[in-house]
1. Restricting to the stretch 122-175, and then to whatever is among the acidic types (Asp, Glu) and within 20 Å of residue 105 (Cα to Cα), can you tell me which residue is surrounded by the most Cβ atoms within 10 Å (Cβ to Cβ)?
2. Any idea which of (1) assigned to a loop (DSSP other than H, G, I, E, B); (2) modelled with pLDDT of 50 or more; (3) in contact with a Gly (Cβ under 6 Å, 6 or more places away or on another chain) is the one residue 80 doesn't satisfy?
3. Would you please name the residue that is farthest from residue 112 (Cα to Cα), looking only at residues in the stretch 123-182 that are among the basic types (Lys, Arg) and in a loop (DSSP other than H, G, I, E, B)?
4. Could you list all residues from the stretch 125-179 that are among the β-branched types (Val, Ile, Thr) and touching a helix residue (DSSP H, G or I) at 6+ places or on another chain (Cβ under 8 Å)?
5. Would you pick out the residues in the stretch 108-122 that are in contact with a Leu (Cβ under 6 Å, 6 or more places away or on another chain) and outside any strand (DSSP E or B)?
6. Which of the following residues is within 20 Å of residue 48 (Cα to Cα), modelled with pLDDT under 90 and surrounded by 15 or more Cβ atoms within 10 Å (Cβ to Cβ): 179, 119?
Amino acid sequence: MRNKTGKRYAAGVPALAALAVLLGALGTLSGCSVGAGAPDGWRYLRTDPLAVAVPKTWRATPTGAVLRGAGGRTDGEVTVSAAGETAAPGSPGAAPGPDKAAAAALATARKEWLVFDGHRGEVLSYVQAAPDGRRASRTEVRLTDVAGRPVTVRVWTVDGATDGLVQREIVNSIEFAEHPDR
């Protein structure tokens, strides 16, 4: 740009940087109105002992939520299971048993540790086929509840059925529901 005398000058680089930081902060704040990590338009499912947020298009089930695709096929699922609870063998929420494919997928899973309401949890991310054979991305969160009992949250979506960040946002929304009215 040129000023009145015709000399060139920089158009306020520090001011533009400050504006970019401000807009980034506003964007971050506006995306978390429901709870920690839960974007607008999501709802919390209260399962003992956790609450997990899912998009409104997902349907609640007794142990979490399910995403239905074309023809009623299951395109994704969230399950919460506490110690002593087990899903029906062969169901999408069932714990991996002696299945070699499940064992291999978990052995090669990307592992990280996150803190959920002050409780440290292990997060495993891996790829394993959905029950109908389609490729699915999976995330498994292993943590302990307030009483020290193990709890597992499993999230999976068929590749291409949702935005790539949906699983991460579901995991980020996990919070402990010590009180039923929380």
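The values are calculated or read from the model by the stated rules, or taken from the named source; none is laboratory data. Small disclaimer: the values here were computed from a predicted structure and weren't measured. Ideal geometry is used to build each Cβ from the backbone, glycine not excepted, and the neighbour counts take in all protein chains shown.
1. So in the stretch 122-175, the residues among the acidic types (Asp, Glu) come out as 122, 132, 140, 145, 159, 163, 169, 175.
With within 20 Å of residue 105 (Cα to Cα) added as a condition, the list becomes 122, 132, 140, 159.
Working: 122: 14, 132: 11, 140: 22, 159: 13.
Out of the qualifying residues, it is 140.
2. In the conditions (1) assigned to a loop (DSSP other than H, G, I, E, B); (2) modelled with pLDDT of 50 or more; (3) in contact with a Gly (Cβ under 6 Å, 6 or more places away or on another chain), residue 80 misses (1) alone.
3. Looking only at the stretch 123-182, we keep the residues that are among the basic types (Lys, Arg), and these are 134-135, 138, 142, 149, 154, 168, 182.
After this cut, where a residue has to be in a loop (DSSP other than H, G, I, E, B) as well, the list is 134, 149, 182.
Numbers: 134: 26, 149: 20, 182: 28 Å.
The selected residue is 182.
4. The initial filter retains those residues of the stretch 125-179 that are among the β-branched types (Val, Ile, Thr), namely 127, 139, 141, 144, 146, 151-153, 155, 157-158, 162, 166, 170-171, 174.
Once the filter is applied, which keeps residues that are among the β-branched types (Val, Ile, Thr) and touching a helix residue (DSSP H, G or I) at 6+ places or on another chain (Cβ under 8 Å), the stretch 125-179 yields 127, 139, 141, 153, 155, 157.
5. Scanning the stretch 108-122 gives a single hit, 109.
6. Values: 179 fails: surrounded by 15 or more Cβ atoms within 10 Å (Cβ to Cβ).
Criteria check complete, one pass: 119.
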